[in-house]
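The values are calculated or read from the model by the stated rules, or taken from the named source; none is laboratory data. On a predicted model such as this, the values are computed, not experimentally measured, just so you know. Neighbour counts run over all protein chains shown; Cβ positions are idealised from the backbone, glycine included. Side chains included, ligands, DNA and RNA excluded: accessible areas come from the protein's heavy atoms. Shrake-Rupley method; radii C 1.70, N 1.55, O 1.52, S 1.80 Å.
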Number of protein chains: 2
Amino acid sequence: MANTDSVSVRVFSLNCWGIRYLSKHCPQRYAMIGDMLCKEEHDLVLLQEVWSEKDYLSLKKKLSCSHPHSHYFKSGVIGSGLAIFSKHRIHDTFLYRYSLNGYPYMAHHGDWFGGKAVGMAVLSIGKLTANVYVTHLHAEYCREKDAYLPHRVVQAWELQQFIRHTSAGADVVILGGDLNMHPQDLGNRLLRAYTGLRDSYSETPKFDGCEDGMTLIADNPFISKKELVPFEKGIRIDYILFKGSSEMDIHCDYMSTTKGSVPDHPFPYSDHEALTAELRLDPHTPAEPGSDGQSKDQDCAAGKGAELVDILTEARTEVKVGLHCAERMRYTATRTGVMGLALLILELAIAAVPWLALGAEQPFPRTSFYLLAALCFAILLTTFLLYIFYTMELKSLQGAEDQMRLAIGSLQEKLRGFPLAQPHNAQRRPPEGQEPSAFDPEE
Amino acid sequence: MANTDSVSVRVFSLNCWGIRYLSKHCPQRYAMIGDMLCKEEHDLVLLQEVWSEKDYLSLKKKLSCSHPHSHYFKSGVIGSGLAIFSKHRIHDTFLYRYSLNGYPYMAHHGDWFGGKAVGMAVLSIGKLTANVYVTHLHAEYCREKDAYLPHRVVQAWELQQFIRHTSAGADVVILGGDLNMHPQDLGNRLLRAYTGLRDSYSETPKFDGCEDGMTLIADNPFISKKELVPFEKGIRIDYILFKGSSEMDIHCDYMSTTKGSVPDHPFPYSDHEALTAELRLDPHTPAEPGSDGQSKDQDCAAGKGAELVDILTEARTEVKVGLHCAERMRYTATRTGVMGLALLILELAIAAVPWLALGAEQPFPRTSFYLLAALCFAILLTTFLLYIFYTMELKSLQGAEDQMRLAIGSLQEKLRGFPLAQPHNAQRRPPEGQEPSAFDPEE
């Protein structure tokens, strides 16, 4: 199957769970990870949650022979936690910080402080240009009532935009990371459908690893089984995705995950399982000139376009839910702020009466007076900061929604331009008259 | 000169100075701008400082016939202020928010609240794909002691990264906006050298407008002459830049600016002058196969590479100055915070002594006690917020510096790979032995 021009690329991805002093056995696990990477010599190593730069630097030192090229992406308060190690020269890097990433006051969730982003590295694999992306999206803390869903959908939207717009000059595109989304989650479908990225787990003919490719499993000693309910065995939220170009075909020959333990070691590398994909790049072979080739291609494109419009509409709905929620929160903050201000004015008025009536006794004790005033000021300051924050959240959500609306309009325009394909998928499409109203781009 | 396959594109750019209720004659000026755009029918209109969405929407309504496609970019607290109007269909938009953009506590400068960014629109001009960018960088309030210089340099760095990485698939690239940089300022040189964008003012054979292409001039009635010192006549900080591709050549045939007034109107469109460039796109004509063609090309590439390394090194130095400054500010915030905490503990200790010695009298009056406690809390909160902010600033500066170091290393690697060009520019380059030390990428 492999021809002589084939180039093989081994990609590794792991969420390292590297919170110093908080994650269990952090230094020991980094030592294990370093040893393994040194031995395995993957072409590309994509790491997430390397929260401390010191840990990155010690890994860099350890891997200086096996992976002479590396980059650590800095962002947010703590950092993005993203790192790339490569056997191949990295020419250029670029970081895109997601516009939404949780709330700073949800400090126990910590995502906001991490400054979640997608890091890109442009590197040469032989004569080929590879755009390699590593990312980590906002965690899902409660699947039933996921307050962060609109944020994660916007992150997925921005991730696909970033990859799509920056990868036009690449022969091959590889994305690895912890997407914090199940395979069929909205953001994941949006990402795959829009970019054309393919999932190495779904594509590989040979797989060795956890059932259903899961990467957060009950068998991992660092995982509390409570967190996984109702997915008793585990979930798949880490991915290695890839796509080729008009010049290069790309295939996944083999994929593996760790299985919650590492032979000869008392604990695994992380609370997530590590992923390894063996990709093979071949020069593109043009499709055989068949009888119905062009029309089939157009059929396929029209089908994909229609699917994309559906997914985008779903995403837009989710963003609208987020918008509604952010508006409500901002309204609450405003109302509370106004109440704080009213209370302060009232207090000052009560205090001013005896002061104006010279010599009359103060109507309430000094202690209560100062405590109340301090409370009013605290309310005013907090609600002011919250107002600023929610306004920024609203702007980002509105921006994403605008872009989605525009994209839907443009896709529908393109779909109308597939007349050849019409006879083949006539059943899928509504009658001509109803079409424009289905998803009005100017809605 | 123009051939039959030529496509002509008229581009307009203006900083609208659209702060509702604060900018002078704001509604009247918007009405003037709308009327003029409606009449002039430019292909592309790139606006900055459209701070209110209402103003954008009323422009959109007015221009619905002349410019049926438009997009408003939302970001930050107030918005990015960026808008695009187009005669050609906009397929896709994308926004990159700069990681650094001044300080929120410099509220009178307001840049932070604007959420400065670069907006991109992908549109079709005939059969061509055009990537159009509109941006507005951080203002320069004092040229002698410009505290925002590192931020603006990082913005220019991110702008060039964004354009370079997103424009690979485009036939033509157009950037318009208020860069807040003079033509030879570091950020401007960095942008032009790295992206290959050409300045329409420098390239046009026919120009009608202010002396030296200035866009902020003393003759504009909205400009206070004090602000311009020491540039008595004015400065050039607004630009229309462009580049073609391997498929398309692009030229500027004509350029004009307004001159501080509008005929038949009592005041100009804005405090900035408006720019119009007439660009012509021609299918690329390959260079004539000359005797020394390849070697000359390589010479040129090597020369450009060396120039770029110099500019990048200069930018890196500026970012390091910013790093040093941010570190000092964070240190000051930390020290002040610690002092506030010490004061609070001291006060509590003094208050606790008589409380423990049951019944002894309070050592200082209640009013002072509560005021001092409130002050301590205010100091603690403020310094905590500042610490968070400066840490984020540091991360962004460090990130940019890392990326610049990597880019310098990669460019030097490439420069070493021009053996053919060596005899031609041997004089420019240091002796072989000294080379690696000149700009050590791992420094």
Seminar exercise, completed: Among A:257, A:215, A:383, the residue with the largest mean-square fluctuation in a Gaussian network model of chain A built from Cα contacts under 10 Å is A:383
Exercise. How high is the relative contact order of the stretch B:154-283, in percent, with contacts defined as C-alpha pairs under 8 Å that are six or more residues apart?
Worked result: 29
Problem set entry | Other-chain or far-sequence residues with amide H under 5 Å of residue B:175's (modelled H) | B:133, B:241, B:242
Exercise. Heavy-atom accessible area per residue, the stretch B:1-129, 1.4 Å probe: how many Å²?
Worked result: 39
Problem set entry | Per-residue HN-Hα couplings for the stretch B:273-284 [Karplus 6.51, -1.76, 1.60; θ = phi - 60°; Hz; x = Gly/Pro] | 7, 8, 10, 10, 10, 9, 9, 10, 9, 10, x, 5
For this session: Calculate, for the stretch A:297-358, the solvent-accessible area per residue in square angstrom, rolling a 1.4 angstrom probe over the heavy atoms of the protein chains.
Result: 59
Exercise. Just how far, in whole angstrom, is the stretch B:252-286 from the stretch A:170-190 if you go by their alpha carbon centroids?
Worked result: 44
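Could you give the dipole magnitude of chain B about its Cα centre, charging the beta-carbon of Lys and Arg +1 and that of Asp and Glu -1, in debye to the nearest 20?
Details: 44 positive and 54 negative charges, 257 e Å.
I would put it at about 1240 debye.
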Problem set entry | Of B:313, B:382, B:135, the one that fluctuates the most in a GNM where chain B has Cα springs shorter than 10 Å | B:382
Problem set entry | Exposure rank, largest accessible area first [A:198, B:335; 1.4 Å] | B:335, A:198
For this session: Hey, for a label at residue B:6 modelled as a point 7 Å past Cα toward Cβ, could you say which residues of the stretch B:245-267 have their backbone N under 18 Å away?
Result: B:245, B:248-256
Problem set entry | Share of carbon and sulfur in the accessible heavy-atom surface of chain A [1.4 Å probe, %] | 58
Seminar exercise, completed: If R0 = 35 Å, then residue A:65 and residue B:325, at their Cβ-Cβ distance, give a FRET efficiency to the nearest 0.05 of 0.40
For this session: List the residues whose amide H sits under 5 Å from the amide H of residue B:129, counting only those 5 or more places along or on another chain, with H placed 1.01 Å from N in the peptide plane.
Result: B:171, B:172
Seminar exercise, completed: Chains B and A: accessible area buried, summed over both chains, 1.4 Å probe, nearest 100 Å², reads 4500
Problem set entry | Solvent exposure, largest accessible area first (probe 1.4 Å, DNA, RNA and ligands not counted), of B:393, B:232 | B:232, B:393
Exercise. Taking a point 7 angstrom from the Cα of residue A:28 along the C-beta vector, which residues in the stretch A:209-244 have backbone N less than 13 Å away?
Worked result: A:221-222
Seminar exercise, completed: Under 12 Å by backbone N from the virtual spin label 7 Å along Cα-to-Cβ at residue B:107, the residues of the stretch A:380-414 are A:381, A:384-385, A:388
Problem set entry | Inter-probe distance in nm under a simple model that places probes 7 Å from Cα toward Cβ, at residue A:381 and residue B:385 | 0.7
For this session: Provide a whole-number value for the mean count of partner chain Cβ atoms within 10 Å of the Cβ atoms in peptide B:385-392.
Result: 3
Exercise. Peptide B:394-402: average number of partner chain Cβ atoms within 10 Å per residue?
Worked result: 5
Exercise. At a probe size of 1.4 Å, how large is the accessible area of residue A:255, to the nearest 10 Å²?
Worked result: 10
Problem set entry | Span-rule helices in chain B, defined as complete DSSP H runs reaching 18 Å or more along the axis (Cα) with Kyte mean at least -0.5 | B:26-40, B:149-166, B:293-356, B:366-416
Exercise. What value, in deg cm²/dmol to 500, does the helix sum -39500 (n - 2.57) over DSSP H runs of n ≥ 4 give at 222 nm once divided by the residues of the protein assembly as shown?
Worked result: -14000 deg cm²/dmol
Seminar exercise, completed: At R0 = 41 Å the Cβ-Cβ FRET efficiency linking residue B:89 and residue B:307, nearest 0.05, sits at 0.60
Seminar exercise, completed: Under a Gaussian network model of chain A whose springs join Cα atoms within less than 10 Å, the largest fluctuation of A:224, A:99, A:256 belongs to A:224
Problem set entry | Cα→Cβ-extended label distance, 7 Å offset, between residue A:41 and residue A:284, nm | 3.2
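Ordering B:17, B:157 by how much accessible area each has at a 1.4 Å probe, largest first, what is the list?
Final ranking, largest accessible area leading: B:17, B:157.
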Problem set entry | Accessible-area value, residue A:111, 1.4 Å probe, nucleic acids and ligands omitted, Å² | 10
Problem set entry | Cα-centre dipole for the protein assembly as shown with unit charges at Cβ (Lys and Arg positive, Asp and Glu negative), debye to 20 | 1900
Exercise. For the stretch B:229-273, with every protein chain kept in place, what is the accessible area per residue (1.4 Å probe, Å²)?
Worked result: 45
For this session: Report the charge-dipole magnitude of the stretch A:178-241 in Debye, nearest 20, computed about the Cα centre from +1 at each Lys and Arg Cβ and -1 at each Asp and Glu Cβ.
Result: 160
